[in-house]
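A.B. asks: This is the structure I want to talk about, given as structure tokens.
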Amino acid sequence: MPSYTNALQISQEGKGIPYGGTGEIREDGDANYGFKNLKGRLDRLADIPELARDEALHDLVASLNAPESAFGSVGCVSALVDESEGHRVSGYVEFAFDSAEKVADAGSYFPVFFHFDRALHVMKFDDKVHFHWELMGATFRRTDTMGFTVSVTVNTGWYPTAEEAAIAWANGLDFLAGYLRHVQPEGGTPIFIDG
């Protein structure tokens, strides 16, 4: 029995991209800083407060936004959680294909999810990490494109120390980044354009 889980669901909610946010603290203690277009502009990573405190998340977002990547990022966050059961790290990264044609069909994401699941199995990924993929409708306003994004929420299991939880988190994000780097772009009309 593997120590990880990997699941996919479809949300009935939706969002517009870009979206605003001024950094006000929410009830959950985090803040929304709004959408930042990072595609091909890795110099802008320093403008994302969430990435300054999490090297693994920083590396994943950098990978998603590399010029040669099939994707662009939409949002992210992470946090260390201390509970009576132990320590864990929780967060997510949301991304979309950088193609109006690919994002238009939610089914475009299923092969990415499926082959990631197979890679976890074949490579015998062995950290207590839970990957939860969620498709959501989105309107990419700068290109007037209706389509879908996918969020991958990552939660480690409970660990005796914060350091062990952080290692499991980094291993999970590193595995996800390595896998997504191998998804080849298929062309199409870019949606992550500066406007």
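A.B. asks: Can you give me the three principal axis dimensions of segment 43-138 from its C-alpha atoms, in Å, biggest first?
C.D. replies: 46, 35, 25
A.B. asks: Calculate the all-directions average of the projected area of the chain's alpha-carbon convex hull, and give it in nm².
C.D. replies: 11.0
A.B. asks: With a 1.4 Å probe and all protein chains left in place, how much of the accessible area of the chain comes from carbon and sulfur atoms, in whole percent?
C.D. replies: Roughly 54 percent of what the probe reaches on the chain is carbon or sulfur.
A.B. asks: Can you check what the net charge comes to around Ser3, using other residues whose Cβ is under 9 Å from the Cβ of Ser3 (Lys, Arg +1; Asp, Glu -1)?
C.D. replies: After counting each charged neighbour, the total is -1.
A.B. asks: Under a point-charge model restricted to the Cβ atoms of Lys and Arg (+1) and Asp and Glu (-1), what is the dipole moment magnitude of segment 101-195 relative to its Cα centre, in debye to the nearest 20?
C.D. replies: About 120 debye.
A.B. asks: Residue separation times 0.36 nm, minus the C-alpha to C-alpha distance between Asp174 and Ser90: what's the value?
C.D. replies: So the chain would gain 28.8 nm between Asp174 and Ser90.
A.B. asks: For Ile167 and Arg118, what does the FRET efficiency come to when R0 = 22 Å and r is the distance between their Cβ atoms, rounded to the nearest 0.05?
C.D. replies: 0.35
A.B. asks: How big is the charge dipole of the chain about its Cα centre, in debye rounded to the nearest 20, if each Lys and Arg gets +1 on its Cβ and each Asp and Glu gets -1 on its Cβ?
C.D. replies: Computed about the Cα centre, the dipole is about 520 debye.
A.B. asks: In addition: Quick check on the chain: of the DSSP beta bridges with both residues there, what percent are antiparallel, nearest 5%?
C.D. replies: In the chain, approximately 75 percent of DSSP beta bridges are antiparallel ones.
A.B. asks: Give me the accessible area per residue for the chain, probe 1.4 Å, as a whole number in Å².
C.D. replies: Solvent-accessible surface per residue comes out at 51 Å².
The values are calculated or read from the model by the stated rules, or taken from the named source; none is laboratory data. Given the structure is predicted, the values throughout are model-derived calculations rather than measurements. Every residue, glycine as well, gets a Cβ built from its backbone with ideal geometry; the counts of neighbours run over all protein chains shown. What goes into the accessible areas is simple: the full protein's heavy atoms, side chains included, and nothing from ligands, DNA or RNA. Shrake-Rupley method; radii C 1.70, N 1.55, O 1.52, S 1.80 Å.
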